[in-house]
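To start, the structure itself, in structure tokens.
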Amino acid sequence: MGNARVAVRRVTRRDMLKAGAALGIGAAALGSGLRPARARQGGYSITFIPGVIADEFYVTMGCGIEAKARELGITVDTQGPNAFDATVQTPILNAVIQTQPDAILIAPTDTQAMIAPLQAAVDAGIAVFLVDTTVNADFDVARIASDNVEGGRLAARSLAEAVGGSGKVFVINVKPGISTTDQREQGFREALADFPDIEYLGQEYCNDDQNQATQIANARLQSDPDLVGIFGTNLFAAQGAAAGIRQQGKQGQVRVVGFDAGPTQVQDLRSEVVDLLIAQHPGDIGVTAVQLAYDFLSSGQAPTPKAITTGFTTVTRDNIDDPDVAKYLYISDCSAFVLPEASPAAGTPAAALAAFGCATG
Ligand code: T6T
């Protein structure tokens, strides 16, 4: 996913500390991730570290990152773990820090375990932007993500409608400690309180593995033959739920709402195993993050507030062929990626983000 490198003299941490000293900014402020304005314009290098490499959500985000970076003359390198696991992501991040990019765009795989490794990036003078997932710390320049609690609520309401407002429902989640999927389950659980005839059987974790999710679904369909609905909190959880239902011949009897909208999920929707998908806008997350990184590196101005929320699109068999919906289905390579026309322009982050449909907060 890399582009041609632009030869620029790298501004070192020592340069920054010197510049910071001249501006009266000490090492502590520099270490907070907020760097002073750069003397140079453009020619920046960023590294994208997704949660896991072979996941169409992050592939689509990477397409947005690359397309926007190309437009702005930024060099992008992508280094992703092959499992959604902090012990795999940490050495990748450590190696990236050694290459001293201007900014790192990262989906941290654990809210706690990734704090210290990311602090090391900040201490090395690298601007950190969180894309999708977050950590329980405040050293990032900005964080760009879906509203995952609201997404979970939307899933609960959609599943409640699909099952006719009563019966047993169950969640296949990913693993504890992931900000996004934990929040989706939270929102789901909270919103079910409005449906007194729905019994929530709780959640099981599939470890971001479709096969484990399939086994979980199979076991649950056997232990609770009167189950009426499953919410899969991410792409692999939802794909596993669909596979289990297919294996047990329960299509149409057990309703499924899935987060995300990868190609296999779309097939599951079309073949009537899944009832509804909640597509995030990963391309928009990537485009927005690159624009914010560019603005920050060239002006020294961090966005305020720093949390930027991108939208959702609800995908059903009725609307899936509508171009305004289809454009949010995830892709497995970038050949079909189109940079959104309302892509945020340089210079006026707040207005541009609003035009792009992002909320700040
Ligand atoms: O749902 C997305 C992402 O938002 C989440 O943080 C992890 O799983 C996905 O990448 C989908 O597999």
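The values are calculated or read from the model by the stated rules, or taken from the named source; none is laboratory data. Remember, predicted model here, so these are calculated numbers, not experimental data. Glycine also receives a Cβ, built like all others from the backbone with ideal geometry; neighbour counts cover every protein chain displayed. Only protein heavy atoms, including side chains, enter the accessible area calculation; ligands, DNA and RNA are left aside. Shrake-Rupley method; radii C 1.70, N 1.55, O 1.52, S 1.80 Å.
Within the set of pairs 6+ apart or on separate chains, which have a first residue in the range 72-98 that is more than 17 Å from M61 (Cα to Cα), a second that is β-branched (V, I, T) and open to solvent by 40 Å² or more (accessible area, probe 1.4 Å), and C-beta atoms under 8 Å apart?
Sorted first by the residue in the range 72-98, then by its partner, the pairs are G73/V6.
Could you please give the count of residues in the range 205-229 that are within 10 Å of V254 (Cβ to Cβ) and in a strand (DSSP E or B)?
Residues meeting the conditions: 3.
Restricting to the range 256-294, count the residues that are open to solvent by less than 30 Å² (accessible area, probe 1.4 Å) and under 21 Å from the mean Cα position of the chain (by Cα).
Matching residues across the range 256-294 total 26.
Kindly indicate whether any position in the range 95-109 is within 16 Å of the ligand (Cβ to nearest atom), out of contact with any strand residue (DSSP E or B) (no Cβ under 7 Å at 6 or more places or on another chain) and farther than 22 Å from Q291 by Cα.
Yes, the range 95-109 contains at least one residue that is within 16 Å of the ligand (Cβ to nearest atom), out of contact with any strand residue (DSSP E or B) (no Cβ under 7 Å at 6 or more places or on another chain) and farther than 22 Å from Q291 by Cα.
Exactly one of (1) surrounded by 21 or more Cβ atoms within 10 Å (Cβ to Cβ); (2) within 27 Å of V59 (Cβ to Cβ) is unmet by V169. Its number?
Evaluating V169 over (1) surrounded by 21 or more Cβ atoms within 10 Å (Cβ to Cβ); (2) within 27 Å of V59 (Cβ to Cβ) leaves (2) as the failure.
Do you know which of the residues in the range 202-218 that are open to solvent by 10 Å² or more (accessible area, probe 1.4 Å) and more than 14 Å from the ligand (Cβ to nearest atom) is farthest from A160 (Cα to Cα)?
Taking the candidates together, the pick is N211.
Keeping to the range 225-266, report how many residues are within 10 Å of the ligand (Cβ to nearest atom) and of a type in the set (D, E).
Count: 1.
I'd like the full set of residues that are under 19 Å from T78 (Cα atoms) and buried (at least 24 other Cβ atoms within 10 Å of the Cβ), limited to the range 129-139.
F129, L130, V131, D132, T133
Hey, can you tell me all the residues within the range 230-249 that are in a helix (DSSP H, G or I) and not small (G, A, S)?
L235, F236, Q239, I245, R246, Q247
With respect to E199, determine if the residue is part of a strand (DSSP E or B), open to solvent by 30 Å² or more (accessible area, probe 1.4 Å) and closer than 23 Å to G252 by Cα.
Against the criterion (part of a strand (DSSP E or B), open to solvent by 30 Å² or more (accessible area, probe 1.4 Å) and closer than 23 Å to G252 by Cα), E199 qualifies.
Only one residue in S223, S179 is hydroxyl-bearing (S, T, Y) and over 24 Å from E150 (Cβ atoms), so which one is that?
Every option except S223 fails the conditions.
Does the range 127-183 hold any residues that are assigned to a loop (DSSP other than H, G, I, E, B), within 16 Å of the ligand (Cβ to nearest atom) and β-branched (V, I, T), and which are they?
T133, T134, V135, V174, I178, listed by residue number.
Which condition number does V274 fail, the rest of (1) in contact with a helix residue (DSSP H, G or I) (Cβ under 6 Å, 6 or more places away or on another chain); (2) away from the ligand (no atom under 15 Å from the Cβ); (3) over 30 Å from I104 (Cβ atoms) being met?
Among (1) in contact with a helix residue (DSSP H, G or I) (Cβ under 6 Å, 6 or more places away or on another chain); (2) away from the ligand (no atom under 15 Å from the Cβ); (3) over 30 Å from I104 (Cβ atoms), the lone unmet condition for V274 is (2).
Would you mention how many residues in the range 85-115 are open to solvent by less than 20 Å² (accessible area, probe 1.4 Å), within 15 Å of T133 (Cβ to Cβ) and of a type in the set (A, V, I, L, M, F, W, C)?
7
Look through L221, L192 and report the one residue that is touching a Phe, Trp or Tyr at 6+ places or on another chain (Cβ under 7 Å) and away from the ligand (no atom under 16 Å from the Cβ).
L192
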